[in-house]
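Trainee: Pasting in a structure now, in structure tokens, and then I'll have a few things to ask.
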Amino acid sequence: MTFNDWFSCEQVAQGVFHIEETAYNADYRCNIFLVKGRDFDVVIDSGLGLFSLRDFLAPLSENPILIASHSHYDHLGSNWEFSQRWAHADEADILAHPTRENTFGDRFLETADFTPLPFSHFEAGDWQPKPAPATRLLCDGEILDLGDRQLEVVHAPGHSPGLICLWDERNRALFSTDAVYDGEIFDFLPCSDIPTYLETMKRLRALPVEVAFPCHNKILDGDRFRAVIDNYSV
Ligand SMILES: [Zn+2]
Ligand SMILES: [Zn+2]
């Protein structure tokens, strides 16, 4: 297998590409998004790091900036491949010193969840994340100006302390990462906090979202986005 077999890529909106590692169990695999801008492109999260994401993206984007939504194993594997890596301060320690344990790879990554295996003799137990310290720390409310698109950083703790979403107000699109997605809400990890999560949900619900690009499962329209929040919040 090569990186071209490992990743799939589909354009899902103007200037927005959805990349997946389709051989990994759909319940766990991370949706990676490339967002093109006039002045620079960003890639939101990087998957497991088993193949080169940067090489795969090269025909679409020369030198994208990596935005790490948070530091879980399914999101950070190729972060080290990107020269600029932006993240919230509350994830910075783990991004700089990731282990199988503090990224939860030891808990969730299993060989049986790959069809086919990425390579022969692949063992999930051999997976190790590489250090990739943030090169810039992002704050809540900060605007990332790509030139023809502005993304507002929304600190969205609860699933993990430094989780961030990105809000594209003009297009009413939220990159909702691991805060709001269809499926079981992971609020039970050692890094999770339910009261904080509820506050985050409340805040995100107030945004006039028409489309949400989550890091897990399907893209959500505004109604489904609000239904996910309401189902969790009752
Ligand atoms: Zn996560
Ligand atoms: Zn995740």
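Trainee: In whole angstrom, how far apart do the alpha carbon centroids of the range 166-234 and the range 119-159 sit?
Mentor: 17
Trainee: Placing +1 at every Lys and Arg Cβ and -1 at every Asp and Glu Cβ, with all other atoms neutral, what dipole size does the range 23-102 have around its Cα centre, in debye to the nearest 20? Could you put the intermediate results ahead of the total?
Mentor: Numbers: 6 positive and 12 negative charges, 41 e Å.
Magnitude of the dipole: close to 200 debye.
Trainee: Dipole of the chain, Cα-centred, from +1 at each Lys and Arg C-beta and -1 at each Asp and Glu C-beta, to the nearest 20 debye?
Mentor: 380
Trainee: What lysines could a cross-link reach from LYS36, if we take a straight Cα to Cα line under 25 Å and drop same-chain neighbours fewer than 8 places away?
Mentor: LYS218
Trainee: Which trypsin sites (Lys or Arg not before Pro) from the range 127-229 combine a DSSP loop assignment with at most 10 other Cβ atoms within 10 Å?
Mentor: Those that pass, being in a loop and sparsely packed, are ARG170.
Trainee: Spelling out what I want: for every residue of the range 42-57, take phi, set θ = phi - 60°, compute 6.51 cos²θ - 1.76 cosθ + 1.60 (Karplus), and round to whole Hz; glycine and proline get x.
Mentor: With the stated coefficients, the range 42-57 comes to 10, 10, 9, 6, 9, x, 7, x, 7, 9, 6, 6, 4, 5, 4, 7 Hz.
Trainee: Dipole of the range 157-234, Cα-centred, from +1 at each Lys and Arg C-beta and -1 at each Asp and Glu C-beta, to the nearest 20 debye?
Mentor: 180
Trainee: Another question about this same structure. Loop-only chymotrypsin sites (Phe, Trp or Tyr not before Pro) in the range 85-155, please: DSSP not H, G, I, E or B, and at most 16 other Cβ atoms within 10 Å.
Mentor: In loop regions of the range 85-155 (DSSP not H, G, I, E or B), the sparsely surrounded chymotrypsin sites (Phe, Trp or Tyr not before Pro) are PHE119, PHE122.
Trainee: Which of rounded, prolate, oblate describes the range 1-116, given a ≥ b ≥ c as roots of the alpha-carbon gyration tensor eigenvalues and a/c under 1.5 marking rounded, otherwise prolate only if a/b is larger than b/c?
Mentor: Cα axes put the range 1-116 in the oblate bin.
Trainee: Around MET1, what is the net charge, scoring Lys/Arg as +1 and Asp/Glu as -1 over all other residues with Cβ under 15 Å from its Cβ?
Mentor: Its environment carries a net charge of -4.
Trainee: Okay, next question. Please give the per residue volume of the convex hull enclosing the alpha carbon atoms of the chain, rounded to a whole number of Å³.
Mentor: Hull volume normalised by residue count: 109 Å³.
Trainee: What value does the range 115-234 have for Rg/Rh, both radii from Cα atoms and Rh as Kirkwood defines it?
Mentor: 1.03
Trainee: While we're on this one: Return a whole-number percent for the relative contact order of the chain, with Cα pairs under 8 Å and 6 or more residues apart as the contact set. Don't skip to the answer; put the middle values down first.
Mentor: On the way: 509 pairs, mean separation 35.2, N = 234.
After rounding, I find 15 percent.
Each reported figure results from applying straightforward, stated rules to the coordinates on display, with no laboratory input. Everything quoted here is computed from the prediction, not taken from an experiment. Heads up, the Cβs are rebuilt from the backbone with ideal geometry, glycines too, and the neighbour counts pull from every protein chain shown.
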